[in-house]
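As structure tokens, the structure follows; a few thoughts come after it.
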Amino acid sequence: MQQEKRTPLSPILRRIKFYFDLLTKTSESYLYAVDIQNKVVLLSPNLVADFDLPGTVLKDMDGWWRPLLHPEDQAAYADALDDIFVRKDTDNYDLEYRVKNRHGDYVWIHGRGRFLRNEAGGIAFFAGWMSRMGRRNQADSVTGLLNKYQFEQAVKLALQTYRQTDTGGALMVLGLDNFKIVNETYNRFLGDQVLKTVAGQLENILPAELTLYKLDGDEFGIVYPGASAEDVGQLFMNVQKCVARPQTLDGKMYFCTISGGTVFYPQSGKDYLVLHKHAEAALDLAKRDGKNQNCVFSREQYNRWVRSLAMRDDLKRSVENGCEGFSLFYQPQVCAKTQRLIGAEALLRWKTPKGRMVAPMEFIPILEATKMIIPVGRWVAEEAMKVCRKWQQQLPGFRMSINISYEQIKELEFQTFIHDRIIHYGLNPATITLELTESTVVSDWTFLNQQFDLFRRQGVNIAIDDFGTGYSSLAYLKNLPCDVVKIDRAFVRDIVHNEFDRRLVDYTVRLCHSVNIEACIEGVERADEYDFLVQECKADVIQGYLFGRPASVPDFEEQFLRSGILERK
Ligand code: C2E
Ligand code: CA
Ligand code: CA
């Protein structure tokens with residue numbers, strides 16, 4: 001309790017003190033009685049305790065109370081008092097507002113009071129009670145914004161309005177990207193400051209008629225009645241703009257972009273719970289698809305989301321059971337000139353516990369997002385090297401290409417693991433190629449460069465996969481030392497008819513050769529494509545259905561390894 005000189009009770013308050021004390025013992029509400037003329041206030045002990053006021057008898061209640069009010073409620077509070085003191089048009093006071101309690105949290109208060117005027121019309125006395133409005137009506141303690149319960153009310157109100165006026169609208173849920181990292185790098189206190197700052201920034205850009213709500217964790221909510229797809233797009237662009245730059249708080253730098261999930265009502269739901277669930281699903285999809293974007297809910301995407309959740313659980317079980325359900329298929333790679341089998345690319349396959357085969361395009365992004373690619377990637381490397389060793393006994397120098405994800409390289413022990421396994425299987429490192437896809441978003445080029453360098457110094461080859469499909473093909477070539485470039489099927493598909501693609505492939509192969517990089521062309525399906533690539537482009541290695549589809553170990557041995565020279569299909 002704060003210190004203040006003991007204030008004596010005025011006569012009128014002394015007269016009622018007996019009743020007042022009795023009431024405080026029988027009520028959970030906060031009670032107060034004010035002698036206006038003498039400016040003395042009598043307060044119940046719970047009010048003093050919960051708001052850390054200096055005593056149950058106070059001289060300057062207003063001076064203690066008003067600073068505790070939430071800034072947004074100051075005006076309404078002043079207005080209610082003016083109705084009585086200045087305009088004198090009522091004797092009653094009834095108001096809901098937010099007050100900061102002794103923990104520094106804003107709580108919603110419902111205050112009611114009755115004024116007794118003396119003969120001259122001035123106010124002699126007033127008394128009343130205040131009650132906490134419970135959890136449902138509390139303001140968010142960090143940002144002071146209305147909380148999820150009020151968000152729910154607002155959505156329900158919007159749905160009611162829709163039923164009466166046929167005007168639909170949108171619900172938008174915003175989540176800070178990488179907020180966990182801010183919390184982990186610094187501390188929760190700074191995390192709270194960030195939330196508060198972002199809340200302020202968002203409120204600034206929000207159209208006046210919209211309200212920002214604070215939902216659980218790092219999420220905010222907006223109800224936007226009458227919104228069109230363009231309105232939502234515009235709003236989200238403004239949201240992105242206000243957090244576009246790295247910011248500093250207490251001398252600490254942080255950068256938090258925002259993702260959004262939007263759902264339109266009544267199209268995608270006519271009930272709060274359904275709409276909220278769909279908005280959260282859309283937000284999750286926006287985050288999974290790379291963050292810093294708004295995803296508008298659609299049934300089709302929702303089904304995809306539900307499937308991927310189920311798949312994530314199944315994958316987790318597979319990984320926990322020693323990569324059960326995973327297998328490797330091998331696709332032959334041939335020397336362009338001689339059509340001789342020179343190696344294979346190991347391609348991952350996965351069968352769900354229910355026995356359904358899932359395409360790598362579907363399950364690999366999940367493995368990457370959950371970092372399960374790290375144990376699975378090790379399993380892949382181990383299996384592929386084991387098979388490579390076996391096949392080298394039949395075809396010395398047989399090369400094995402292994403796909404790796406950026407997530408795996410980021411793990412420092414991966415380097416040692418590969419080195420260790422190469423020695424364990426007694427392989428010549430030059431027969432192992434690690435493929436990294438070009439569309440990988442690289443956050444640290446220097447690091448990647450160092451890792452590539454270390455692998456190459458061990459004698460392991462590095463291939464840039466899917467060359468030409470990302471945003472920065474040439475940047476990759478310039479920044480990263482590599483041994484092989486794999487030109488994507490996208491450039492081969494029209495090679496026979498499309499002059500541009502033909503030239504592009506031709507120049508890329510030449511560029512590679514000029515800096516001693518081997519050019520492998522992927523996805524060759526037809527003989528005329530092959531002829532052009534070999535005769536005109538001088539490609540080094542060919543991989544594609546023309547020579548063979550990915551096959552299991554026994555099939556590969558049967559179909560390709562035995563003959564050595566592969567026939568075109
Ligand atoms: P990728 O590394 O570009 O692999 C080549 C893909 O092209 C394979 O698809 C292969 O079956 C397909 N392909 C090969 N020849 C032809 C052709 O002539 N025509 C056509 N239309 N397609 C052809 P797959 O097996 O579905 O693999 C898809 C992707 O999944 C791979 O693309 C790779 O990025 C990823 N992946 C596969 N295995 C692994 C793995 O063990 N680790 C990681 N990180 N990624 C993997
Ligand atoms: Ca590959
Ligand atoms: Ca590829």
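The values are calculated or read from the model by the stated rules, or taken from the named source; none is laboratory data. Source: prediction; values computed, not measured. When we count neighbours, we look across all protein chains shown, and the Cβ atoms used for this are built from the backbone with ideal geometry, even at glycine. What goes into the accessible areas is simple: the full protein's heavy atoms, side chains included, and nothing from ligands, DNA or RNA. Shrake-Rupley method; radii C 1.70, N 1.55, O 1.52, S 1.80 Å.
Using a simple charge model, +1 on the beta-carbon of Lys and Arg, -1 on the beta-carbon of Asp and Glu, nothing else, what dipole does the chain show about its Cα centre, in debye to the nearest 20? That gives the chain a dipole magnitude of about 1140 debye.
For the pair residue 270 and residue 116, what calculated FRET efficiency results from E = 1/(1 + (r/R0)^6), where r is the Cβ-Cβ distance and R0 = 56 Å, to the nearest 0.05? Provide the component values of the computation, followed by the final result.
Working: r = 50 Å, r/R0 = 0.89.
For R0 = 56 Å, the calculated efficiency reads 0.65.
Where Rh is the Kirkwood radius over the Cα pairs of segment 11-132, the temperature 20 °C and the viscosity 1.002 mPa s, what D in µm²/s does Stokes-Einstein return?
145 µm²/s
If packing is taken as the average count of other Cβ atoms within 10 Å, what order do 18-25, 150-157 fall into, highest mean first? Intermediate values should be presented prior to the final figure.
Working: 18-25: 13.4, 150-157: 18.2.
Put in order of decreasing packing, that is 150-157, 18-25.
With 0.36 nm allotted per residue and the present C-alpha distance subtracted, the residue 478-residue 49 stretch has 147.7 nm of extension available.
Using r as the Cβ-Cβ distance of residue 410 and residue 79, and R0 as 51 Å, what FRET efficiency do you calculate, to the nearest 0.05? Display every interim value, and only then the final one.
Values: r = 57 Å, r/R0 = 1.13.
Approximately 0.35, to the nearest 0.05.
With R₀ set to 51 Å, the beta-carbon distance separating residue 439 from residue 102 gives a calculated FRET efficiency near 0.40.
Close amide H pairs (under 5 Å, H built 1.01 Å from N) link residue 296 with 262, residues at least 5 positions away or on another chain. Could you tell me how many degrees, from 0 to 90 and to the nearest 10, lie between the Cα long axis of helix 229-242 and the main elongation axis, the longest principal axis, of the Cα atoms of the chain? That works out to roughly 90 degrees. Counting only protein heavy atoms and a probe of 1.4 Å, the accessible surface of segment 148-297 is 51% carbon and sulfur. In the context of the full set of protein chains, segment 326-561 has a per residue accessible area of 45 Å² (1.4 Å probe).
Provide the gained length on full extension for the span residue 89 to residue 241, in nm with one decimal, where the gain is 0.36 nm per separating residue minus the Cα-Cα distance.
On the way: separation 152, 0.36 × 152 = 54.72 nm, distance 4.65 nm.
Value of the extension gain: 50.1 nm.
Go ahead and estimate [θ] at 222 nm for the chain from helices alone: -39,500 (n - 2.57) per DSSP H run with n ≥ 4, summed, over the residue count, rounded to 500. Helices in the chain give a 222 nm mean residue ellipticity of -13000 deg cm²/dmol.
Surface composition of segment 326-561: carbon plus sulfur atoms contribute 53% of the solvent-accessible area (1.4 Å probe, protein chains only, all chains present). By how many degrees, between 0 and 90 and to the nearest 10, does the Cα long axis of helix 272-288 differ from the longest principal axis of the chain? The two axes meet at around 40 degrees. The relative contact order of segment 326-561, computed from alpha carbon pairs under 8 Å that lie at least 6 residues apart in sequence, is 21 percent. Packing around the peptides 318-328, 256-266, 194-204, taken as the average count of other Cβ atoms within 10 Å per residue, puts them in this order, highest first: 256-266, 194-204, 318-328. Bridging of residue 316 to lysines at a Cα separation below 16 Å is possible for 351, 354, 371, once same-chain residues fewer than 8 apart are set aside.
Considering only 561, 507, 490, and ranking their Cα positions along the charge dipole of segment 428-569 that arises from unit charges at the beta-carbon of Lys, Arg, Asp and Glu, the one farthest toward the positive end is 507. Per residue, the accessible area of segment 148-297 comes to 47 Å², computed with a 1.4 Å probe over protein heavy atoms only.
The Cα center of segment 453-478 and the Cα center of segment 488-564 differ in position by 18 Å. The slack in the chain from residue 320 to residue 528, taken as 0.36 nm per residue of separation less the alpha-carbon distance, amounts to 70.2 nm. Residues in segment 11-132 average 53 Å² of solvent-accessible surface per residue, probe 1.4 Å, ligands and nucleic acids excluded. Among the listed pairs 390/486; 252/291; 17/59; 100/196; 337/538; 156/270, a Cα-Cα separation exceeding 19 Å is found for 390/486; 252/291. The angle between the Cα long axis of helix 360-369 and the longest principal axis of the Cα atoms of the chain comes to about 50 degrees, rounded to the nearest 10.
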